[in-house]
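All remarks here apply to the structure that follows.
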Amino acid sequence: MSETLLKKGRIPEEVLRELGRRDPKLKPWFARIGPLEYRPQRPLFRALCRAIIAQQVSNKAAASMIRQCFELCDAPGRPKPQDFDRLEDEALQGAGISRQKRRYLRALAEAWRKPPIKGMVFSRSGEEEIIQALTAVTGIGRWTAQMFLLFSLGRPDIFSGDDLALRAGLCRVDGRESIRPKEAELRAAVWAPYRSVASLYLWRISHWQDDSVASSKS
């Protein structure tokens, strides 16, 4: 798997066994949480639009804005760069899209039709090459580019030390109060070349509540 992409469907057992062998502290969580599935976010332009709209808002608010915004597109639910040439500020504002995010979406639409993004074969491009191309677009930072690599392109070895939830999950695994981004990056090195899979579990771990804990609070 180290030389292939994440495939749609259940995470392979052999990958979890290898991660468990490398990291005994992480291993018990695989049985506790159970099997996870990978579902790639496509089309690619749509995935990046979703990421921009979801910035700094709750999941519920993001879902509502994404739905309303994408319904305005020529092909409802499937935004294309030209949609953001046509859609006026009033329509996007009515969907809850702020002035700043309107600017970001239009910057992405413009960049999507010009080099280096236009003509880029994402499946054959290096990860840093993709990150550099995306972060040159106003409104897209390194974290967003990394999430695109993981959730849309299926790159198997992605970990972001800047992600608060990943760090929270890692602290829970290690039984510690906090960890800094750079330290988290170093800690995650043991999971290579499967850091994406470890990340998928860490997001779940960060919010995990044992049945015994839940019942005691009810």
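The values are calculated or read from the model by the stated rules, or taken from the named source; none is laboratory data. This structure is a prediction, so every number in the text was calculated from the model and none was measured. Quick reminder, even Gly has a Cβ in these numbers, built from the backbone with ideal geometry, and neighbours come from all protein chains shown.
The table below lists the values:
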| item | result |
| --- | --- |
| Search result, residues across the range 70-128 that are of a type in the set (Gly, Ala, Ser) and part of a loop (DSSP other than H, G, I, E, B) | Ala75, Gly77, Ala95, Gly96, Ser98, Gly119, Ser125, Gly126 |
| Any chance Ala75 is over 30 Å from Cys171 (Cα atoms), loosely packed, with under 12 Cβ neighbours inside 10 Å and either at pLDDT 95 or above or aromatic (Phe, Trp, Tyr) (or both) | yes |
| Any hit, the range 153-173, residues being in a helix (DSSP H, G or I), free of Cβ contacts under 8 Å to residues at least 12 places away in the same chain and closer than 18 Å to Pro40 by Cβ | no |
| Per-region count, the range 174-193, residues free of Cβ contacts under 8 Å to residues at least 12 places away in the same chain and aliphatic (A, V, I, L, M) | 2 |
| Tabulated pairs, the range 33-59, first closer than 13 Å to Tyr104 by Cα, second surrounded by fewer than 16 Cβ atoms within 10 Å (Cβ to Cβ), C-beta under 7 angstrom, 6+ apart or interchain | none |
| Matching residues in the range 132-143 - criterion: being of a type in the set (A, V, I, L, M, F, W, C), over 13 Å from the mean Cα position of the chain (by Cα) and in a helix (DSSP H, G or I) | Ala133, Leu134 |
| Residue within the range 202-209 that is at pLDDT below 95, outside any helix (DSSP H, G or I), within 25 Å of Gly9 (Cα to Cα) and not hydroxyl-bearing (Ser, Thr, Tyr) present | yes |
